[in-house]
Structure formats: C-alpha cells, structure tokens
Amino acid sequence: MAVPDTTVEIGFDVSGLGGPFFLLDDPVAGVLDNTDYLLAGTLFYDVSEFVRQVSVKRGKSRQLDRFTAGVANIEFNNNTRVFDPEYVSSPYYGQIIPKRTVRVSTGGSAVFYGVVDDWNLSYDLSGLSTAGADCVDGFTQLAQGALSAHTAISQLTGARLNAVLDRSEVAWPASFRDIDAGSELLQADAVDDGTNALEYLQLVNSSEPGSIFIGKDGSFVFKDRTVAPVSAGQVIFADDGSGIKFSDVNVVYGSELLYNYVQVERLNGGTAIAQDADSISTYGQQALIQTGLLLDTDADAEALADYLVSIYSEPEYRFETLAVQLEALTSPEQIKVLGLEINDVCQIKFTPNGVGSPINKYAVIIKIEHDMQPFQHRVIFGFETLDYASLVLDDLEFGILDVNQLGL
C-alpha cells in the first residue's frame, strides 16, 4: 500500500495576509458561519506541498510517569524562502513567527495539534534550504501559566479540572475538553497565588489517580481510573496473520513498577500505609510515597493506598513498545492504526521466533510516535499492562474472577 497523505496546516492571521475576508451578499464569501472567509482572526492554510518530513512524539514511558508535553518537528523545503521571516515577497510574510497554531493529520485522522515554539532556518550554499518548525502541544501553555490565589470548593476530580481550566488566567476553550467526572472527592483547598497551572492540574490528577494529556486533536483529556476496559472490538496486533502486523516489538519484565509498600499522605490530613507482606518477603521492600494529595478524608487515602499496592505489588511483564509500518498495511488497517489514541486498549499476540505458545495480552496505549518520510510512515506505540484491570461483568477477558480486580 501507499503511504497515506499527510496534511500540515498553519493558522495564520487573515488580517495580516489581507484575507480571504467575509464579503456581505457574496454567494460564496458571504455565507454566514463558514470557516473559509472570516471577518478577522486565524485561518488554517495548507502548507503540505512544502513538507519534507514530520516527526511527532506524545505520551509517557511508564504507567506511573506523568504525561508530558507532546512535540512535533516539521521540516519544510524553503528553497523559495517562503518560510523566511525576512523575505517580504513570501505569501506568508509577517506570519512566520512563534506561537502560530499547527495541526497535522494523516489519512484524514488527526496526529498532532499545537503551536510553533521555534523556527529554525538552514541554508546550504548549494541552494538546498530548509525551515524547521519545532512545535509543542497545550501542556506547554499550561506549564507557563500561573494561577491566582483562590479557594477551591470540595468537588469531584473532573469538576476540579474544569474549574481550573475555566479560570480567567487559564481560559482553556470548553470545546477543547474531554473530561470524565472522576471518582475521587477532593477537599476544599486554598491555592496560593502564582501556583503553576500544570503542576496543580497534575496534583489533581494524582489524587484520582487518572490520566491527563493533550489529545491528538488538541483537547485537554482526563480519564478517571474507574473507566472499565472492554476486550471486544479492540484493535489486534498480531504476528500470526490474525491482526495488524508489526515490524518489531520490545518486552520488559522487571521491578521498575514494583511497589509493595505504599504511603499516601493527604494534604491537611493523615497518612495511610498499605503493604503486601508476601511481596516484601519475596522481593524486598519497594516503597511508593505519594504526598500532598487532595483527598477529602483519611478513609479515601487508605482506599487509595490499598488500591495502589494491589496494582503494583508484583513485577510487571508488559509490551513496552511496538512499531508499525503504515505502507505495509491495507487501507482499512491504516485507518484503524491512525484512529488509535492514548488510553485506548489494544490486544497484542506475539510468538517470539515462532517458538512455543503465543503471548496474548491486552494493553493500554500510553505513547504514540510518528516518523513520516516521503515514502514511509512508521508509528510506534508504548503500552502499560492490563494484567490487573478491574472486573468487568460479562466481558470475555476482563470478566474473569480471580484475575481481574473486583473493586477499586
């Protein structure tokens, strides 16, 4: 199969470019609520014809890590100086500046949404010139913001996240949110003036604990820990012809996520401790310390400590990464792969060297990387295990007693 087409668009100020503007009574440019002809503001311009290559990295490496800002690097052909901010004849003159919005899609599916952080221009005396756009997603904007002093009310995790995003000093668009209700009631805490916005949002998430990240479409996403996985209908990666083929895979089995002694300290409250004596006897004590969480009661802290030790008291066997070459897939398979997002569940079937029985596991995506070249497109997924997922009634995989957890 061919490599799916990649589209790169940059949001330029139509006022600075002289339009295209809304024209009253015009049958095309005068249509109300259209997205191509504006009174003013930002309009996305397709600059794909100049793209040489694109790389995107989003997610995290391990389950207990925080999601970090997604990044993209886009290299443009700049032989005609179209992306040179000093070239007055460029059609985008005056617009090649940092903080312009960028969106990347492949095969019609979103891959990245963020802003240009830096423009890097490279000129070769042979005439080959390139412009590199280093881009970051919305986590960087949040990391650079500070909250004003205020006292939050007692509320669920999702409501607290929305309340922070609603604040005037953050002003995150409501249309760019995908936020679960959350399962943890948070205390009414006093937020100091100048508190870093992203750090506070991460603290709220750690008190769940759930997952917050910037989606590939630019949305602020929060998934709470009680969202039940479903085995049916998931994308299957397999080396035996029963699913989407992959080019390579890495497996880890060790103690990097082994914690058999968990201590949870609640802000303005007590400290809860949970431990697994059998695990400590076998592997030695491995401590996980959580401090300053916003849990509402000491009982909540105890429940969280019990939950964490139940998840992490045994060594983890997991598929760490798996790579897919899109050009080796059929069009329907490409659509499935490109449709995957962080926090989606996948099934992985793999028989190392064709020896013995296949390894068959379900996993949650925690990392997605793209390397887009003219004739190839490589996608790398990173995973966390689902060996200790919550019990899901009637599910053929996650509904098995004594394998999945009965409660949180």
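The values are calculated or read from the model by the stated rules, or taken from the named source; none is laboratory data. Here the structure is a predicted model, which is why all the values come from computation and not from measurement. So basically every Cβ, Gly included, is an ideal-geometry build from the backbone, and we count neighbours across all protein chains shown.
Rundown of residues vs (1) at pLDDT below 95; (2) farther than 30 Å from Thr351 by Cα; (3) among the basic types (Lys, Arg), yes/no style:
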position	(1), (2), (3)
Leu147	no, yes, no
Gln155	no, yes, no
Val170	no, yes, no
Ser183	yes, yes, no
Leu203	no, yes, no
Asp217	no, yes, no
Ala232	yes, no, no
Glu256	yes, no, no
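Which residue, of Gly292, Gly270, Gly284, is exposed (fewer than 15 other Cβ atoms within 10 Å of the Cβ), outside the structural domain of Phe350 (by TED's automatic domain parsing) and without any contact (Cβ under 8 Å) to a residue 12 or more places away in the chain? Answer to the selection: Gly284. Candidates Ser105, Ser126, Ser89: the one that is under 28 Å from the mean Cα position of the chain (by Cα), outside the structural domain of Ile368 (by TED's automatic domain parsing) and either assigned to a loop (DSSP other than H, G, I, E, B) or touching a residue at least 60 places away in the same chain (Cβ under 8 Å) (or both) is Ser105. I'd like to check something: does segment 111-120 contain any residue that is more than 28 Å from Arg378 (Cβ to Cβ), assigned by TED's automatic domain parsing to the domain that holds Arg58 and either touching a Cys at 6+ places or on another chain (Cβ under 6 Å) or surrounded by fewer than 18 Cβ atoms within 10 Å (Cβ to Cβ) (or both)? Among the residues of segment 111-120, not one is more than 28 Å from Arg378 (Cβ to Cβ), assigned by TED's automatic domain parsing to the domain that holds Arg58 and either touching a Cys at 6+ places or on another chain (Cβ under 6 Å) or surrounded by fewer than 18 Cβ atoms within 10 Å (Cβ to Cβ) (or both), which makes the answer no.
Being hydrophobic (A, V, I, L, M, F, W, C) and over 29 Å from Glu75 (Cα atoms), is that true of even one residue in segment 338-345? Among the residues of segment 338-345, at least one is hydrophobic (A, V, I, L, M, F, W, C) and over 29 Å from Glu75 (Cα atoms), which makes the answer yes.
I need the full set of residues from segment 322-350 which are among the polar types (S, T, N, Q), modelled with pLDDT of 95 or more and touching a Gly at 6+ places or on another chain (Cβ under 8 Å), in order please. Passing the criteria: only Gln334. Scanning segment 121-142 for residues that are more than 14 Å from Val71 (Cα to Cα) and buried (at least 16 other Cβ atoms within 10 Å of the Cβ) turns up Leu121, Ser129, Thr130, Ala131, Leu142.
Residue selection: Ala72 satisfies the criterion of being modelled with pLDDT of 95 or more, in a strand (DSSP E or B), touching a Cys at 6+ places or on another chain (Cβ under 9 Å) and not assigned by TED's automatic domain parsing to the domain that holds Ile214.
Residue count for segment 280-311, restricted to those that are part of a helix (DSSP H, G or I) and farther than 28 Å from Asn268 by Cβ: 4.
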